[in-house]
Amino acid sequence: MGTHDQYKVAVLSLGGTIASTPTAGKDGVIPNLTATDLVASVPELASVGSIYAEAFLAKPSTELTFSDIASVCKRARELVEAENFDGIVVTQGTDSMEETSFVADLLWLGEAPLVFTGAMRNPSLAGPDGPGNLLAAVLTASSRRARNQGVLVVMNDEIHAARNVKKTNTSSPAAFSSAPTGPIGFVTEKYVSMKAKVDRWPGLAIPESWNPDVEVVTSKIDGSARLLEILNQELPAGVVLAGFGGGHVVTRDVPLIESLAKRIPVLLASRTGSGRVLETTYGFPGSEIDLLGRGVIHAGDLHPLKVRILLTVMVSLGWPRDRIASQIAAFGAVASGDVR
Ligand code: ASP
């Protein structure tokens, strides 16, 4: 690591609100600023050390792909291993950051901080939050206290673990939250304080090609069975059930889910987005006990969108259903019976 005031941090820009400005003749803002522009707009960065800026992509974050994020991870690894960077900051749109940062978290094996940040208010609005977020992200990326914590998301002076963080508001600068526990650290002035340690999971290899054909099916009252019927015919690579509460679905859907679970990995998460899916409490048809007994795989306490990311990496690596079922415990989904 660099000595104090000589840290080397790279900023890779991917687009998003933080880089979006008005363009003549067009309504609304579009991502057109580069990493160099972003770094130049925050003179305080110079006091952290040497900041290298690289324009990587310029997209709204809804257009980012698994393959984009895999390329970011490869580039970040190169910068850390071959060029001795202390940490890497990725700037992108906030809309998909809870997904992209988690893709990176699964693929990032290094100890160096890989930190995602963005902005809720673009530079043309009053009180843009991008500059402050970039400074806090760079401070975090250069901090020894943030090392070996996997991928972090820094927004609004809060440091979140990628596996927990969620965008929870359309426009507030305080949109990012890690329910039910909260941020794992904070940035105050130039001080980075970590309040919790991330228990790192095994890293996954970067797949040679991606198969993101994994659907999320959300349970809802009085809904139709259409989606599950189509999925039974078309058979995607995997399905994530965003069940009610503790992990429940309507009784009518049970045979359709069982038929899917016999042929592809079907993972059970909760649409509440917080708390571990139950295993041993309810016995009615469509309950967690019923579904798990029919071959559905318990997905721990991850949000359904993050379960989809994890399952996409696993199926893209070519893992069969049984391997997914046995390995998922290593990703926070403690195996049945392993209760302590
Ligand atoms: N609203 C988005 C953002 O905060 C746009 C995007 O995700 O690219 O950056």
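The values are calculated or read from the model by the stated rules, or taken from the named source; none is laboratory data. If you're wondering where the values come from, they're calculated on a predicted model, not measured in any experiment. Note that we place each Cβ from the backbone using ideal geometry, even for glycine, and neighbour counts take in every protein chain shown.
Based on this model, can you work out whether Val192 counts as over 23 Å from Leu204 (Cα atoms) and of a type in the set (A, V, I, L, M, F, W, C)?
In short, yes.
Among residues belonging to region 168-184 that are touching a Phe, Trp or Tyr at 6+ places or on another chain (Cβ under 9 Å) and farther than 14 Å from Thr272 by Cα, point out the one that is surrounded by the fewest Cβ atoms within 10 Å (Cβ to Cβ). Before you say what the answer is, go through the steps one by one.
Filtering region 168-184 for residues touching a Phe, Trp or Tyr at 6+ places or on another chain (Cβ under 9 Å) gives 168-169, 183.
Next, only the ones that are farther than 14 Å from Thr272 by Cα stay: 169, 183.
Numbers: Asn169: 12, Pro183: 24.
Looking at the filtered set, the residue picked out is Asn169.
Consider region 119-163. How many of its residues are polar (S, T, N, Q), touching a Gly at 6+ places or on another chain (Cβ under 9 Å) and either surrounded by fewer than 24 Cβ atoms within 10 Å (Cβ to Cβ) or farther than 21 Å from Leu109 by Cβ (or both)? Please lay out each step first, then the result.
From region 119-163, those polar (S, T, N, Q) are 122, 124, 133, 140, 142-143, 148-149, 156; that's our starting set.
After this cut, where a residue has to be touching a Gly at 6+ places or on another chain (Cβ under 9 Å) as well, the list is 122, 133, 140, 142-143, 148-149, 156.
Retained after the next criterion (residues that are either surrounded by fewer than 24 Cβ atoms within 10 Å (Cβ to Cβ) or farther than 21 Å from Leu109 by Cβ (or both)): 122, 133, 148, 156.
Here the count works out to 4.
Within region 244-263, which residues are touching a Lys or Arg at 6+ places or on another chain (Cβ under 8 Å), crowded, with 17+ Cβ neighbours inside 10 Å and within 23 Å of Val315 (Cα to Cα)?
Selection gives Ile257, Ala261.
For region 306-320, does any single residue satisfy the condition of being over 27 Å from Arg200 (Cα atoms) and buried (at least 19 other Cβ atoms within 10 Å of the Cβ)?
Initial filter on region 306-320 (over 27 Å from Arg200 (Cα atoms)): none.
Among the residues of region 306-320, not one is over 27 Å from Arg200 (Cα atoms) and buried (at least 19 other Cβ atoms within 10 Å of the Cβ), which makes the answer no.
Somewhere in region 183-203, is a residue in a loop (DSSP other than H, G, I, E, B), of a type in the set (Ser, Thr, Tyr) and without any contact (Cβ under 8 Å) to a residue 40 or more places away in the chain? Walk me through how you get there before you give the answer.
Keep residues of region 183-203 that are in a loop (DSSP other than H, G, I, E, B), which gives 183-184, 189-190, 195-203.
Filter once more, keeping what is of a type in the set (Ser, Thr, Tyr): none.
No, region 183-203 contains no residue that is in a loop (DSSP other than H, G, I, E, B), of a type in the set (Ser, Thr, Tyr) and without any contact (Cβ under 8 Å) to a residue 40 or more places away in the chain.
What single numbered condition from (1) away from the ligand (no atom under 16 Å from the Cβ); (2) in contact with a Gly (Cβ under 8 Å, 6 or more places away or on another chain) fails to hold for Thr94?
Of the numbered conditions (1) away from the ligand (no atom under 16 Å from the Cβ); (2) in contact with a Gly (Cβ under 8 Å, 6 or more places away or on another chain), the odd one out for Thr94 is (1).
Identify, from the list Thr181, Thr168, Thr188, the residue that is modelled with pLDDT under 95 and hydroxyl-bearing (Ser, Thr, Tyr).
Working: Thr168 fails: modelled with pLDDT under 95; Thr188 fails: modelled with pLDDT under 95.
Answer to the check: Thr181.
Among the residues of region 74-85, are any within 16 Å of the ligand (Cβ to nearest atom) and surrounded by fewer than 23 Cβ atoms within 10 Å (Cβ to Cβ)?
no
Just give me the residues in region 106-158 being of a type in the set (Val, Ile, Thr), more than 17 Å from Glu44 (Cα to Cα) and over 17 Å from the mean Cα position of the chain (by Cα), in sequence order.
Passing the criteria: none in range.
With the condition kept exactly as written, say whether any residue in region 43-66 is within 16 Å of the ligand (Cβ to nearest atom), of a type in the set (Lys, Arg) and modelled with pLDDT of 95 or more.
yes
Quick check on this structure: which one of Leu231, Leu241, Leu268 is more than 30 Å from Ala179 (Cα to Cα), at pLDDT 95 or above and either in contact with a helix residue (DSSP H, G or I) (Cβ under 8 Å, 6 or more places away or on another chain) or surrounded by 15 or more Cβ atoms within 10 Å (Cβ to Cβ) (or both)?
On the way: Leu241 fails: more than 30 Å from Ala179 (Cα to Cα); Leu268 fails: more than 30 Å from Ala179 (Cα to Cα).
After ruling out the rest, the residue left standing is Leu231.
Considering only region 234-277, state which residues are under 24 Å from the mean Cα position of the chain (by Cα), in a loop (DSSP other than H, G, I, E, B) and closer than 23 Å to Asp222 by Cα.
Initially, region 234-277 is screened for residues under 24 Å from the mean Cα position of the chain (by Cα), giving 236-247, 264-277.
Subset that is in a loop (DSSP other than H, G, I, E, B): 236-237, 245-247, 264-265, 271-277.
Gly245, Gly246, Gly247, Arg271, Thr272, Gly273, Val277 - these are the residues of region 234-277 that are under 24 Å from the mean Cα position of the chain (by Cα), in a loop (DSSP other than H, G, I, E, B) and closer than 23 Å to Asp222 by Cα.
Exactly one of these conditions fails for Ala24: (1) in a loop (DSSP other than H, G, I, E, B); (2) touching a helix residue (DSSP H, G or I) at 6+ places or on another chain (Cβ under 7 Å). Give me its number.
(2)
Let me spell it out: the conditions are (1) within 16 Å of the ligand (Cβ to nearest atom); (2) assigned to a helix (DSSP H, G or I); (3) among the aliphatic types (A, V, I, L, M), and Val89 meets all of them except one. Which number is the exception?
Going through (1) within 16 Å of the ligand (Cβ to nearest atom); (2) assigned to a helix (DSSP H, G or I); (3) among the aliphatic types (A, V, I, L, M) one by one, Val89 breaks only (2).
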